[in-house]
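Okay, structure first, notes after.
The values are calculated or read from the model by the stated rules, or taken from the named source; none is laboratory data. The model shown is predicted, which means the values in this text are computed figures rather than measured ones. Don't worry about glycine lacking a Cβ; one is built from the backbone with ideal geometry, like all the others, and counts go over all protein chains shown. We work out accessible area using only protein heavy atoms, side chains counted, and drop any ligands, DNA or RNA first. Shrake-Rupley method; radii C 1.70, N 1.55, O 1.52, S 1.80 Å.
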Amino acid sequence: MAVGQELQKEKQDLQDMDSAYILGCEHEAVLSVGRSLWKDYEERRSDWDIRDHDMDMYLVSRGGKLTIHNPGQLTIYPIMNIKKLQMGIKDYLEFLFKVTQKTFLGYGIKTEIDFEKNYGMYIESKKIVSAGLSYSQGWVGQGLSINLQNDLEIFKTIDVCGMSCMQMTSAQKLGYDITPAHFFTSWLKNFSDSAELKI
């Protein structure tokens, strides 16, 4: 995960207003700790029972609380200046969700988007896509975690997004065999085809 964070910083440091960078990857099993838990990190880290799962913890610059990344999950990090595009955070996040929803539809999977309370994408109230963004002077980073072929049992070790009742699902659990690489290729096409972000 450290490499993904370094690449994002490298692209943001370029301050290239005319470009958008999209990083897609699978992470080793890691616990991602959002900004809202940084203050209590040292006091609470023992509460997160990850000792039996051989996971490292990373403090990341996104909003939100806890989530897990692991193999078979596609993580997408778009890096761009949305201020130049005259977009706010909410508009931008809705755009990412709609691109992702369109990509799922291409595989015959219908999802629901929650824009208001528990930001994310769901299938029958089970979360399949999580989102967390960083924002500084118009620049966005971090992004989406999309459950495709990853082990979901590991999520039971934490309160995902701060909610003990949150249930996760994946394309594989629904009976679809979609690799992260294939989904990412389709996602990129839908992203580039969308007029809102023509840069």
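Couple of notes before you dig in:
- One residue stands out among those in region 160-173 that are open to solvent by 10 Å² or more (accessible area, probe 1.4 Å) and in contact with a helix residue (DSSP H, G or I) (Cβ under 9 Å, 6 or more places away or on another chain): the one that is modelled with the highest pLDDT, which is M168.
- So S125, is it among the small types (G, A, S) and at pLDDT below 85: no
- Every test in (1) modelled with pLDDT under 95; (2) of a type outside the set (A, V, I, L, M); (3) under 27 Å from D91 (Cβ atoms); (4) surrounded by fewer than 18 Cβ atoms within 10 Å (Cβ to Cβ) is passed by T185 save one, and that test is (1).
- Residue selected from region 25-38 under the condition open to solvent by 40 Å² or more (accessible area, probe 1.4 Å) and under 17 Å from P71 (Cβ atoms), by the criterion modelled with the lowest pLDDT: E28
- When restricted to residues that are more than 14 Å from L174 (Cα to Cα), crowded, with 19+ Cβ neighbours inside 10 Å and either of a type in the set (K, R) or in contact with a Lys or Arg (Cβ under 9 Å, 6 or more places away or on another chain) (or both), region 129-149 contains 8.
- Within region 103-128, the set of residues being part of a strand (DSSP E or B), open to solvent by less than 10 Å² (accessible area, probe 1.4 Å) and over 16 Å from L66 (Cβ atoms) comprises M121, I128.
- Of all the listed residues (L96, L152, L66), the sole one being surrounded by 17 or more Cβ atoms within 10 Å (Cβ to Cβ) and more than 18 Å from E28 (Cβ to Cβ) is L96.
- The one condition in (1) under 18 Å from Y21 (Cα atoms); (2) at pLDDT 95 or above that I82 fails to fulfil: (2)
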